[in-house]
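Trainee: The structure that follows is given in the form of structure tokens.
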Amino acid sequence: MSVKRIAVLTSGGDAPGMNAAVRAVVRTAINRGLEVYGVYRGYNGLIHDDMVEMNLRSVSDIIHRGGTMLYTARSPEFHSEEGMQKAIANCRARGIDGVVVIGGDGTFRGAQDLTRRGLPCIGIPGTIDNDISCCEHTIGYDTALNTCMEMIDKLRDTAQSHDRYSVVEVMGRHAGYLALNVGIACGATSIIVPEIEFDFDRDIIGRIEATAKTHKKHFIIIVAEGVGGVLDIARDIEKRTGIESRATILGHVQRGGSPTLRDRVLASQMGNHAVRLLLEGKSNRVVTIQSDRILDYDIESALAMKKPFDRDLYEMAQEISI
Ligand code: F6P
């Protein structure tokens with residue numbers, strides 16, 4: 001059966017570049033003769049039939065904007081069989097025969113549930129955490145890295161002026177990719193991530209003491225939110241060293257802002273690829289990028305993959321940021 005009408009939604013935490021992906025889905029679909037609906041607030045919009053038909057101009061003037069014009073949500077209702085059946089019934093009533101979902105692994109599980117119940121879905125990875133195993137770069141990750149870097153550079157100015165230690169928490173959910181890369185880019189003395197066992201004496205005090213011997217007086221310590229506890233860490237550093245320390249939780253500012261060039265291009269490629277897959281009659285696929293090539297994987301196998309943490313990069317950071 002050929003696809004005639006599709007829908008697109010964004011789900012889970014927003015990520016800069018989601019708009020560019022929505023734009024690419026809508027424009028590709030229309031240019032290839034499909035009708036396309038924009039669904040509001042993730043799976044909630046499917047359940048409550050909250051969607052609107054899009055045209056080429058519906059997605060004008062959004063490629064450079066952060067957030068998502070379709071709004072986003074995490075939908076507990078969708079986890080029930082009743083919620084899923086409502087979503088499917090609404091799609092059937094509108095003649096929607098394919099859905100592109102943009103989000104993280106929770107979003108892909110939803111796509112898998114819908115596909116299993118007869119509604120073909122394609123997933124696009126959009127999350128600042130970069131924690132989708134089959135994908136080297138998720139939409140929003142590059143922007144978040146740059147946002148964090150700019151903010152931490154500013155923290156460095158003030159930490160340096162006061163000879164202080166600055167302990168900074170960055171997002172990433174259970175993953176430390178954001179923390180590791182930002183830590184390298186900002187010259188952090190210690191980078192604490194969930195993937196590597198953390199020892200306060202060895203990983204913080206030991207490194208501060210070694211570096212202080214070379215007359216360095218201010219330090220940046222990056223802590224991934226999956227480890228957390230920055231207030232305690234800053235207090236304990238101050239107690240042990242006698243040097244004033246401040247904790248900063250960067251928080252949701254990391255999820256906002258205009259997407260970088262890289263995220264805009266990636267989102268455009270992925271959105272285009274997702275529609276092509278539906279037109280080829282494919283479903284239950286997640287679009288990815290590996291070694292600069294846009295590829296796709298079966299969602300089930302993609303969710304079962306493990307993304308190795310880059311220990312070499314971590315060791316490199318240990319060696320040069322001291
Ligand atoms: O997945 C993106 C993310 O920003 C994580 O880094 C963070 O753990 C979580 O979402 C925060 O979620 P919320 O916006 O619901 O507070």
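Trainee: Among the listed residues I243, I249, identify the single one that is hydrophobic (A, V, I, L, M, F, W, C), at negative phi and touching an Asp or Glu at 6+ places or on another chain (Cβ under 6 Å).
Mentor: Numbers: I243 fails: touching an Asp or Glu at 6+ places or on another chain (Cβ under 6 Å).
Of the residues listed, the single one that is hydrophobic (A, V, I, L, M, F, W, C), at negative phi and touching an Asp or Glu at 6+ places or on another chain (Cβ under 6 Å) is I249.
Trainee: Would you confirm whether or not the range 28-35 contains a residue that is open to solvent by 10 Å² or more (accessible area, probe 1.4 Å) and among the hydrophobic types (A, V, I, L, M, F, W, C)? Please lay out each step first, then the result.
Mentor: Taking the range 28-35 and keeping what is open to solvent by 10 Å² or more (accessible area, probe 1.4 Å), we get 28, 30-35.
Still in the running and among the hydrophobic types (A, V, I, L, M, F, W, C): 30, 34.
Yes; the residues of the range 28-35 include at least one that is open to solvent by 10 Å² or more (accessible area, probe 1.4 Å) and among the hydrophobic types (A, V, I, L, M, F, W, C).
Trainee: Please go through the range 26-68 and pick out each residue that is in a loop (DSSP other than H, G, I, E, B) and of a type in the set (G, A, S). Let's see the steps before the verdict.
Mentor: Residues of the range 26-68 in a loop (DSSP other than H, G, I, E, B): 32-34, 40-42, 48-50, 54-55, 60-68.
Once the filter is applied, which keeps residues that are in a loop (DSSP other than H, G, I, E, B) and of a type in the set (G, A, S), the range 26-68 yields G33, G42, S60, G66, G67.
Trainee: Right, something else. Please identify the pairs in which a residue from the range 176-195 that is under 17 Å from R207 (Cα atoms) and assigned by TED's automatic domain parsing to the domain that holds K154 has its Cβ atom under 7 Å from the Cβ atom of a residue that is open to solvent by 30 Å² or more (accessible area, probe 1.4 Å) and within 13 Å of the ligand (Cβ to nearest atom), counting only partners at least 6 apart or on another chain.
Mentor: I192/V227; V193/V227
Trainee: While we're here: Return the residues of the range 130-149 that are within 11 Å of the ligand (Cβ to nearest atom) and open to solvent by 20 Å² or more (accessible area, probe 1.4 Å); say none if nothing qualifies.
Mentor: D131, the sole residue that qualifies.
Trainee: Additional query: From the list R65, R116, R109, pick out the single residue that is within 16 Å of the ligand (Cβ to nearest atom), within 25 Å of D131 (Cα to Cα) and basic (K, R). Full working, then the answer.
Mentor: Working: R65 fails: within 16 Å of the ligand (Cβ to nearest atom); R116 fails: within 16 Å of the ligand (Cβ to nearest atom).
Exactly one of R65, R116, R109 is within 16 Å of the ligand (Cβ to nearest atom), within 25 Å of D131 (Cα to Cα) and basic (K, R), namely R109.
Trainee: Do you know which residues across the range 221-250 are within 15 Å of the ligand (Cβ to nearest atom), open to solvent by less than 40 Å² (accessible area, probe 1.4 Å), in contact (Cβ under 8 Å) with a residue 60 or more places away in the chain and not in a loop (DSSP other than H, G, I, E, B)?
Mentor: Result: I222, V230.
The values are calculated or read from the model by the stated rules, or taken from the named source; none is laboratory data. Note that the structure is a prediction, hence the values are computed from the model and not measured. Neighbour counts run over all protein chains shown; Cβ positions are idealised from the backbone, glycine included. The area values use the complete protein model at the heavy-atom level, side chains included, leaving out ligands, DNA and RNA. Shrake-Rupley method; radii C 1.70, N 1.55, O 1.52, S 1.80 Å.
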